[in-house]
Amino acid sequence: MGKYLARRAAQLLVVSFIISVLAFLLVHLLPGDPSVTILGTNDTEANRAILFKQLGLDKPLWQQYITWVTAIFHGDLGQSYLNHLPVTQILTTGFPVDLELIVISQIIAFSVAIPLALVVARKPNQPLDTASSTAAFGLLALPPFVVAPIMVAVFAVGLGWFPATGWVPLTQSFTENLHHMILPSLAITAGSIAVYYRLFRSDLIATLQEDFITMARSKGLTNRRIMWRHAFRPSTFSLLAAAGVNIGALIAGTFVVEFLFALPGIGYSLVQAVYQRDYLVVQGISLVVAIAFVLIQFIVDFIFTVVDPRVVRE
Amino acid sequence: MSQTTEPIGSVSPSETASAADGKPLLIVEDLHTSFRTTRGTVRAVDGVSFEVRAGTTLGIVGESGSGKTVLSRSVMGLLPVRDVVRSGTVIFDGRNVTEMSDAELRSVWGAELSMIFQDPMTALNPVKRIGRQITESLRLHLDMDKKEADRTAVELLRSVGIPSPEQRAKWYPFQLSGGMRQRVMIAIALACSPRLVMADEPTTGLDVTVQAQILDLLADLQRDRHMAVILVTHDLGVVANRADEIIVMYAGRIVERAPTAKLFNDTKMPYTQALMDSIPRLSDPSGARLTAIGGRPPDLINPPTGCRFAPRCVYAQDKCRESEPPLRTVGSADHTFACWYPLVDGVSTAPPSSTVAVDLTLSKATTDPSATTQTDTKPADGAPVAEEQS
């Protein structure tokens with residue numbers, strides 16, 4: 001077990017290094033540079049050269065990379081070329097918003113998908129199953145940018161239950177914060193519910209056909225006990241794997257929802273920075289997002305070792 | 001028990017039968033089980049009746065698809081919930097299993113009536129420690145507390161021959177070999193000292209060397225606990241010296257049923273004979289081809305009219321293809337079979353016009369003549385044997 005986790009941790013380090021190189025190269029390979037945003041399109045070449053020198057962009061790429069990475073080890077991700085905010089500050093204000101959004105949406109997704117799948121799997125192909133599967137298909141087909149405006153129209157504008165936009169820091173008022181977070185969370189939870197429900201349902205149905213379930217029945221266990229003690233755990237493998245990928249994708253993928261609900265998350269900052277060729281901001285956010293993604297996979301792998309004892313051996 | 005001095009696995013059928021007390025432990029009457037599929041109704045078990053006495057072993061033999069597994073599950077009532085129709089009665093220890101509620105069934109399953117599954121690779125929960133899988137039924141049926149159940153589980157593992165059972169109880173199934181897993185399965189099935197154990201091909205997934213060990217272990221435990229065992233298998237060799245009585249199934253029906261010695265010494269049904277001939281023998285010359293039964297078992301959605309084995313039977317006559325032979329007895333009442341032209345001394349009583357007459361010489365020359373008791377059959381004129389009360 002310890003060995004297994006150590007190996008995964010080593011992989012994590014290697015992956016983080018590769019990501020840092022890619023994040024760096026990616027922005028620099030984009031056509032254009034920050035001078036256009038800072039100086040405008042009509043400034044002289046001379047001014048441009050001065051600016052490049054100031055920003056350190058005149059040096060060879062590998063030197064720039066080393067400067068960047070060395071600074072990271074001192075906790076410095078640089079600052080924005082435009083508003084001179086430190087990248088770490090952009091991250092520390094923006095990341096918690098996304099984290100909260102993800103946590104709430106995933107709690108909703110799991111608490112809808114899992115009980116529903118447990119009920120349906122016992123009697124598949126009944127009306128409830130058909131209805132749920134159709135609904136799940138519908139949810140999958142509806143991206144957040146369709147769901148969000150509809151929800152705003154109904155729950156914010158129409159019924160006035162929730163605010164349409166805006167955000168209150170968690171530290172200021174917990175209830176106010178939650179009040180603002182409900183609609184955005186619901187908007188991104190739809191897809192998760194659909195994926196989790198369908199995976200868990202079909203895995204449960206498959207597990208319930210297994211010999212060891214018949215074996216459990218032959219012991220005289222109740223259906224309830226069989227479901228929870230025998231079928232549940234072996235049915236969670238695909239669900240776990242999918243949740244890992246899905247949550248990872250949501251970290252930087254909530255841009256649309258952040259934009260629609262005017263939430264100060266990092267997704268929005270990232271997209272802006274890309275347009276403005278704000279290199280250090282893009283690099284910093286990409287790196288942190290990617291490492292967060294890898295960390296989530298790492299956590300999922302760890303959960304796998306708990307859920308499925310066979311994993312450790314391979 | 002009177003036969004405790006007998007070596008394991010060679011219990012004399014007649015002795016056991018007489019030793020068994022009065023009423024049978026299990027009475028199955030006219031059991032039918034069918035599955036509704038998109039293609040039609042599959043009659044997997046089609047009118048089967050038999051009895052099992054306490055402490056005895058019944059062998060159920062047949063090819064894959066003969067309905068033997070469904071039969072064993074039907075007897076227990078352990079069938080899928082949907083698209084299954086079962087009729088007939090199963091009386092276990094005086095109680096009608098077919099009329100039991102789910103809760104009543106659950107109180108019988110695992111406690112008095114348990115099952116050993118075919119494939120130890122898939123029948124153990126892969127993510128549960130084997131100790132837990134044993135204690136589960138102990139705590140449920142015997143109301144043991146955790147400690148007592150743990151201790152009993154270790155004892156059970158020891159009794160099925162698992163070395164260092166204290167440690168093994170904490171292992172997961174994937175850490176054990178197939179033979180060890182089957183031992184664990186037996187420990188689970190026997191945990192609450194059931195009175196009847198269904199063993200559904202308990203050794204099919206195992207190496208030949210391990211097969212005998214597992215079967216001997218089962219016979220040992222059976223004798224110690226005075227359990228009845230229904231041993232379901234495709235291999236007559238497995239039940240040959242272990243069962244007191246053998247039922248041969250074909251296409252969902254019983255085609256022959258007799259005490260073991262009688263079945264082997266006085267085979268009546270050509271299908272039984274074909275199964276016996278398909279067992280390879282050491283006395284066969286080196287390089288001899290294995291004898292196989294040509295063709296495949298019939299479609300259980302549209303079984304053929306007449307005798308269901310007729311299309312594959314080397315002795316089949318027109319009559320066999322037209323009308324189905326009933327189960328009947330000739331001579332002793334404990335030997336029943338379904339055949340219009342039963343074998344006598346391994347030779348068919350079918351009219352000799354058949355082209356397969358040559359095959360008869362290949363039939364068992366070693367048949368014990370003393371076992372054939374009926375002398376009133378008149379095979380010479382090809383007429384069917386007079387039907388007797390069965």
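For this structure, a couple of remarks:
- Qualifying residue in region B:90-106 (condition: within 9 Å of chain A (Cβ to nearest Cβ), farther than 23 Å from B:VAL42 by Cβ and buried (at least 16 other Cβ atoms within 10 Å of the Cβ)): yes
- Residue match in region B:45-58 (condition: more than 14 Å from every other protein chain (Cβ to nearest Cβ), at pLDDT below 90 and closer than 24 Å to B:ASP334 by Cα): no
- For region B:165-197, a residue qualifies if it is away from chain A (no Cβ under 13 Å) and over 27 Å from the mean Cα position of the chain (by Cα), and the qualifying residues are B:PRO165, B:GLU166, B:GLN167, B:ARG168, B:ALA169.
- Selection over region B:117-131 of residues that are under 23 Å from B:VAL229 (Cα atoms) and facing chain A (nearest Cβ under 7 Å) gives a count of 5.
- Filter pass, A:VAL271 being away from every other protein chain (no Cβ under 14 Å), in contact with a Ser or Thr (Cβ under 6 Å, 6 or more places away or on another chain) and modelled with pLDDT of 85 or more: no
- Pairing residues of region B:298-311 that are in the same structural domain as B:PRO325 (by TED's automatic domain parsing) with residues that are part of a loop (DSSP other than H, G, I, E, B) and among the hydroxyl-bearing types (Ser, Thr, Tyr), at Cβ distances under 9 Å and at least 6 apart in sequence or on separate chains, gives B:ILE301/B:THR37; B:THR305/B:SER323; B:GLY306/B:SER323; B:CYS307/B:SER323.
- Leading residue by the ranking (nearest to B:TRP109 (Cα to Cα)) among those in region B:126-164 that are part of a helix (DSSP H, G or I) and more than 31 Å from the chain's Cα centre (by Cα): B:ALA149
- Residue match in region B:71-84 (condition: assigned to a strand (DSSP E or B), under 13 Å from B:LEU196 (Cα atoms), within 14 Å of chain A (Cβ to nearest Cβ) and at pLDDT below 95): no
- Residues (facing chain B (nearest Cβ under 10 Å) and either under 14 Å from the mean Cα position of the chain (by Cα) or assigned to a helix (DSSP H, G or I) (or both)) located in region A:236-246: A:PHE237
- Qualifying helices (runs of 4 or more DSSP H) (wholly inside region A:13-80; at least 1 residues being within 18 Å of A:ASP278 (Cβ to Cβ) and β-branched (Val, Ile, Thr)): A:35-39, A:61-73
- Residues of region A:52-101 satisfying the condition of being in contact (Cβ under 8 Å) with a residue 60 or more places away in the chain and of a type in the set (Ser, Thr, Tyr): A:SER80, A:TYR81, A:THR88, A:THR93
- Looking only at residues in region A:206-220 that are buried (at least 19 other Cβ atoms within 10 Å of the Cβ) and either in contact (Cβ under 8 Å) with a residue 60 or more places away in the chain or not in a helix (DSSP H, G or I) (or both), the one that is farthest from the other protein chains (Cβ to nearest Cβ) is A:LEU208.
The values are calculated or read from the model by the stated rules, or taken from the named source; none is laboratory data. Quick caveat, the model's predicted, so the values are computed rather than measured. Neighbour counts run over all protein chains shown; Cβ positions are idealised from the backbone, glycine included.
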